[in-house]
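Student: Handing you a structure now.
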Amino acid sequence: MKDKKADIANWWKLISIHDDDKAFESLFYLLNTSLIKFSLMYVHQKEVAEEIVSDVFVKCWVSRKDLCHVQNMDTYLFVAVKNQSLNYLKKYSHIHLVQVEDTNETKFVRTFNPQEELEKKELLFKMEQSIEALPQQCRIIFRLIKEDGIKYKEVAEILNISPRTVQTQLFRAMKKLSIVLSEYTNPVGSASRPDHLSSLLIFLGCLGLSGIGRLLL
């Protein structure tokens, strides 16, 4: 993550001071997919999200001299994409937006088990459904932290909320998702499945959802 931040800072210096189009291309390819996914959390249309992100990058290139002071360009881009996405919703939909406050690499090697693979696919499907069912802000915070690996402080800056709110919303998301996992591994009226629980929790850990497992222990 530190190398990524350093790369972005170096690229932006080259872009804003030296008009380096190769550095701009590198920045684009590094962040484009994550920014589109982020915009999709608001607009729910891939083509629209792609257009929003493209517009933001174009504006950054055009205004690069005025933005040379920006320290965290990735955070700046996420905020810009969020604002553009919200502007799109205000302009083209009847949705009313209300703000509610409230590398070490490890590999697991094991023999193939069709039953476990099926259960993992079922669990992933249930988890994805549950994530999508979370309140919008809660869902966005969960995905930014657990799927994109963005830090609490940066998420707070992107969404213009306090770090404490980020922490609270993430905890609520994890708590709700832990209920789904608990119901799956210990269905009502059935014997628990301890043999599968460990492997499922390891699997969730590989997906960045290990905190859910800890809530069950």
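The values are calculated or read from the model by the stated rules, or taken from the named source; none is laboratory data. What you see is a predicted model; the values in this text were computed from it and never measured. Using ideal geometry, Cβ is built from the backbone for each residue, glycine included, and neighbour counts are taken over all protein chains shown.
Student: Taking the condition part of a helix (DSSP H, G or I) and surrounded by 16 or more Cβ atoms within 10 Å (Cβ to Cβ), does SER54 pass?
Tutor: Judged against the criteria, SER54 is not a match.
Student: Given the conditions (1) closer than 30 Å to GLU132 by Cβ; (2) basic (Lys, Arg); (3) surrounded by fewer than 17 Cβ atoms within 10 Å (Cβ to Cβ), report the number of the one that LYS82 does not fulfil.
Tutor: Against the list (1) closer than 30 Å to GLU132 by Cβ; (2) basic (Lys, Arg); (3) surrounded by fewer than 17 Cβ atoms within 10 Å (Cβ to Cβ), LYS82 comes up short only on (3).
Student: Something else about it: Pairs under 7 Å by beta carbon, first residue closer than 16 Å to GLU119 by Cα in the stretch 164-185, partner in a helix (DSSP H, G or I) and of a type in the set (Val, Ile, Thr), six or more apart or different chains?
Tutor: LEU181/ILE212
Student: In the set SER178, SER162, SER130, which member is over 18 Å from the mean Cα position of the chain (by Cα) and hydroxyl-bearing (Ser, Thr, Tyr)?
Tutor: SER178
Student: If you don't mind, another one. Considering only the stretch 116-158, state which residues are part of a helix (DSSP H, G or I) and of a type in the set (Gly, Ala, Ser).
Tutor: Within the stretch 116-158, SER130, ALA133, ALA156 qualify.
Student: Out of all the residues in the stretch 1-23, which are surrounded by fewer than 19 Cβ atoms within 10 Å (Cβ to Cβ), outside any loop (DSSP other than H, G, I, E, B) and not acidic (Asp, Glu)?
Tutor: Residues satisfying the conditions are LYS2, LYS4, LYS5, ALA6, ALA9, ASN10, LYS13, LEU14, ILE17, HIS18, LYS22.
Student: Out of the stretch 159-189, which residues are among the β-branched types (Val, Ile, Thr), modelled with pLDDT of 80 or more and not in a helix (DSSP H, G or I)?
Tutor: ILE161
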